[in-house]
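Quick notes on the structure that follows.
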Amino acid sequence: MLIDKLSRIAEKLRLSVTDRCNYRCIFCMPNNPIFESENEILKLDEIKRILTIFNDLGIKELKLTGGEPLLREDLQQIVNFASELFEVSLTTNGYFLLEKASSLSSSGLKRVNVSLHSLKEDRYYRITGMRGLEKVLKGLEVAKQQFEQVKINVTLIRGVNEDEIFDFIDFSRRTGYTVRFLEYEPFDGNGGWSLNKVVSAGDVLRIVSSKFTLKPVDRSPHSTSRYFEIKENGVKFGVISSVSQPFCSDCNRVRITSEGIFLPCMYSMKGLNIKEMIRQRRSDEEIKEAIKDIYSNKFEGIIKYVRENKIPEKVIPMYKLGG
Ligand code: SF4
């Protein structure tokens, strides 16, 4: 079991399977991204070993991330192997769902979160650098048939897309997808983040309450989302208040970057290079001890920065961290 000094037990692993992405989202990818060399990215057999180790350490759920995980050629083999050990889900920009949803579903993938930051073609292009909205919407329809759950993640940035909150609520009413509004976090590869660009969960609830009556839904333990039901149309939507109301106190998540660095918290400045230990032919027991050790000293989380009113303006960019 992985337990830290604050008695937080790790149960969910977010594994980045690549730092590459076909998108250039303004709040994530730097203008000139530096990608790891192929050899530095975890290989399939290394991923299998790492997943087995974390399964032994009590991890129950796995979320595959990136960069863009659907760019990874052997993703199906990863899902196939992982679904024997964990409940597997994935976060994607959705661009390749049309082609890959069915094969990933038959490999054991159950749930997908699709990042969709605008429903307007031109604005979608300005935010992501891709003319992909139509293809993603078609991919979502396939995903709906293939997976048990499809959620939409909308990262709101003040002055960029907060005027689409009602459009996304109506989109959810029409399609049945659960929409979650995410706060903009300082993992911006271009260093463009600042607190005044954050549309907080509180802002979203105030905006939606100006038109609808909201009923809070009980928060499930360890969840990053808080859900609300709209009385007038039955739509249930979520807010993820990573910056304004962090949920670090019962955080049960840990991360591994695509180059094999274990990070107990996304704000951890120090990680454990598991890939290196594997390539140095260290035993599973040695690796497990090292993981337990670094996890026991897990950073308290962004909640500490918020309390001290000093959120770092630049940390590991999202495409490296895996979100
Ligand atoms: S900031 Fe760290 S501790 Fe807080 S919720 Fe995120 S990963 Fe968990």
Next item on the list: Can you confirm whether the range 160-169 contains a residue that is among the polar types (S, T, N, Q), more than 29 Å from Leu104 (Cα to Cα) and open to solvent by less than 10 Å² (accessible area, probe 1.4 Å)?
Entry: yes
Discussion item. Take Val204 and tell me if it is free of Cβ contacts under 8 Å to residues at least 60 places away in the same chain, β-branched (Val, Ile, Thr) and open to solvent by less than 30 Å² (accessible area, probe 1.4 Å).
Written reply: yes
Restricting attention to the range 194-223, the residues that are at pLDDT below 95 and part of a loop (DSSP other than H, G, I, E, B) number exactly 7
When the range 69-95 is checked residue by residue, the ones that are touching a residue at least 60 places away in the same chain (Cβ under 8 Å) and in contact with a Gly (Cβ under 7 Å, 6 or more places away or on another chain) are Thr91, Tyr95
Scanning the range 260-290 for residues that are surrounded by 14 or more Cβ atoms within 10 Å (Cβ to Cβ) and within 13 Å of the ligand (Cβ to nearest atom), the one modelled with the lowest pLDDT turns out to be Ser268
Within the range 278-295, residues without any contact (Cβ under 8 Å) to a residue 60 or more places away in the chain and acidic (Asp, Glu) come out as Glu285, Glu286, Glu289, Asp293
The number of residues in the range 243-259 that are part of a loop (DSSP other than H, G, I, E, B) and either of a type in the set (Ser, Thr, Tyr) or more than 10 Å from the ligand (Cβ to nearest atom) (or both) is 5
Ile302 meets each of (1) over 21 Å from the mean Cα position of the chain (by Cα); (2) open to solvent by less than 20 Å² (accessible area, probe 1.4 Å) with one exception, condition (1)
Across the range 144-193, the tally of residues that are of a type in the set (Phe, Trp, Tyr), within 21 Å of Gln245 (Cα to Cα) and at pLDDT 95 or above stands at 2
Being β-branched (Val, Ile, Thr) and not in a loop (DSSP other than H, G, I, E, B) narrows Ile278, Ile311, Ile316 down to just Ile278
Filtering the range 38-82 down to residues that are buried (at least 16 other Cβ atoms within 10 Å of the Cβ) and assigned to a loop (DSSP other than H, G, I, E, B) yields Ile41, Leu42, Leu57, Ile59, Gly66, Gly67, Glu68, Arg72
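Restricting to the range 220-242, and then to whatever is of a type in the set (A, V, I, L, M) and within 15 Å of the ligand (Cβ to nearest atom), can you tell me which residue is farthest from the chain's Cα centre (by Cα)? Spell out the reasoning first.
Filtering the range 220-242 down to residues of a type in the set (A, V, I, L, M) leaves 230, 235, 239-240.
Retained after the next criterion (residues that are within 15 Å of the ligand (Cβ to nearest atom)): 239-240.
Working: Val239: 14, Ile240: 11 Å.
The residue in question is Val239.
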* Asked: Would a scan of the range 227-246 turn up a residue that is among the hydrophobic types (A, V, I, L, M, F, W, C), open to solvent by 20 Å² or more (accessible area, probe 1.4 Å) and under 22 Å from Trp193 (Cα atoms)?
  -> no
Those residues of the range 83-101 that are assigned to a helix (DSSP H, G or I) and open to solvent by 60 Å² or more (accessible area, probe 1.4 Å) come to a total of 3
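The values are calculated or read from the model by the stated rules, or taken from the named source; none is laboratory data. None of these values were measured; they are calculated from a predicted model. With ideal geometry, Cβ positions are generated from the backbone for all residues, glycine too; neighbour counts draw on all protein chains shown. Heads up: the accessible areas ignore ligands, DNA and RNA and are worked out on the full protein's heavy atoms, side chains in. Shrake-Rupley method; radii C 1.70, N 1.55, O 1.52, S 1.80 Å.
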